[in-house]
Amino acid sequence: MKIGLIGCGRMGGALIEGAITAGLVASSDVLLSSRSKESAQTLADKCGAVVAENNSQVARESDLVLLGCKPYQIIDILNEISAELPGDTCLVSVAAGITLQSMEGASPEGTRIIRAMPNTPSLIGMGATGISKGSHATDADIAIAQKLLGSVGIVLETREDQLDAVTGVSGSGPAYVYTFIEELAAQGVKEGLDADDALQLATQTVIGAARMVEQSPMSPAELRNQVTSPGGTTLAGLKALTDSGFEKSVATGVAAAAARSREIAAES
């Protein structure tokens, strides 16, 4: 299988590197194209892939084309490469907010398209991605996309109308967690810790708690109850968080991100 990447940004680059490392494709069977020749060459030098002359070459010579470009570029690029796409090429887009219908409308009739919503921890192989298949994509296409995106984290197949929720939870979720870590550490400093120590403690606490949720048969609520003693420090902290509207803030943030995702899709 030959894989082409159009748009050599951080996410596209991470996916290509993950696929090569996982043995899904040989580096010599990867074609790269980008508006910035420098970024394409940098990625090629890093992973051994081949820099294409242009987007059209990628379209002609690839079995799967990964669209790693910016959302506002997607439709123009599809219009550009449509005449070059063989009938058996599968397209995988990681552009936020660009619907399958929009992409299918800019592609030759019958083009098989997968839409994916990865998140930035994919850059270190710890990503969470939702994928949905277009009207012409097959189960085999989904399987290939799952292997590709699974090389950098977990992959869940969803309906396309659920990708907005995926965006709100995992797409934007890392930023919520970064904010939580930032505030947890900042308050630790106010309570007397050194800044580096506070950040290390806050970061490891989030990592450890996440691993507990991942590995334990208990729910997050059960794990929380396990460390919350009547009259203890954790109960006092949780009560203060609730009184300050913590749960509502999280819910509002997820809802706002999902709503914005729907707005972007409507504009595409």
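Values quoted throughout were computed directly from the atomic coordinates according to the rules given, and no laboratory measurement underlies them. Predicted model only: the values in this text are computed from it and were never measured. Neighbour counts are summed over all protein chains in view; Cβ atoms, including those assigned to glycine, are modelled from backbone coordinates with ideal geometry.
Just a few scattered comments:
- The trypsin sites (Lys or Arg not before Pro) found in the stretch 109-189 that occupy coil by DSSP, while having at most 12 further C-beta atoms within 10 Å, are Arg159.
- A Stokes-Einstein calculation at 37 °C with viscosity 0.692 mPa s, built on the Kirkwood radius of the stretch 5-107 over Cα pairs, returns a diffusion coefficient of 243 µm²/s.
- FRET E, pair Glu80, Gln226, Förster distance 41 Å, beta-carbon r, rounded to 0.05: 0.15
- Eligible aspartates and glutamates near Lys133 by straight Cα distance, threshold 14 Å, same-chain separation 8 or greater: Glu104, Asp141, Glu157, Glu160, Asp161
- The simple spin-label model puts a point 7 Å past each Cα toward its Cβ; for Ser28 and Arg10 those points are separated by 3.3 nm.
- Three-way shape call for the stretch 214-268 based on the alpha-carbon gyration tensor, with the a/c threshold at 1.5: oblate
- GNM top mover of Met117, Met212, Met103 - the chain, alpha-carbon springs below 10 Å: Met212
- Using alpha-carbon coordinates, inclination of helix 233-243 to the longest axis of the chain, degrees: 60 degrees
- Scaled radius of gyration (Cα, divided by 2.2 N^0.38 Å) that the chain gives: 1.16
- Potential lengthening between Gln200 and Gln162 on full extension [0.36 nm per residue; Cα-Cα distance subtracted]: 10.2 nm
- Extended-chain gain in nm, criterion 0.36 nm per residue less alpha-carbon gap, Leu238 and Lys190: 15.4 nm
- With 0.36 nm allotted per residue and the present C-alpha distance subtracted, the Ala256-Ser135 stretch has 40.7 nm of extension available.
- Debye-sum result for the stretch 171-265 in log10 I(q)/I(0), which assumes one identical scatterer on each alpha carbon, at q = 0.17, 0.22 Å⁻¹: -0.98, -1.36
- Lysines whose Cα lies under 24 Å from that of Lys37, excluding same-chain neighbours fewer than 8 positions away: Lys2, Lys46, Lys70
- Radius 12 Å from Cβ of Leu67, net charge of other residues (Lys, Arg +1; Asp, Glu -1): 0
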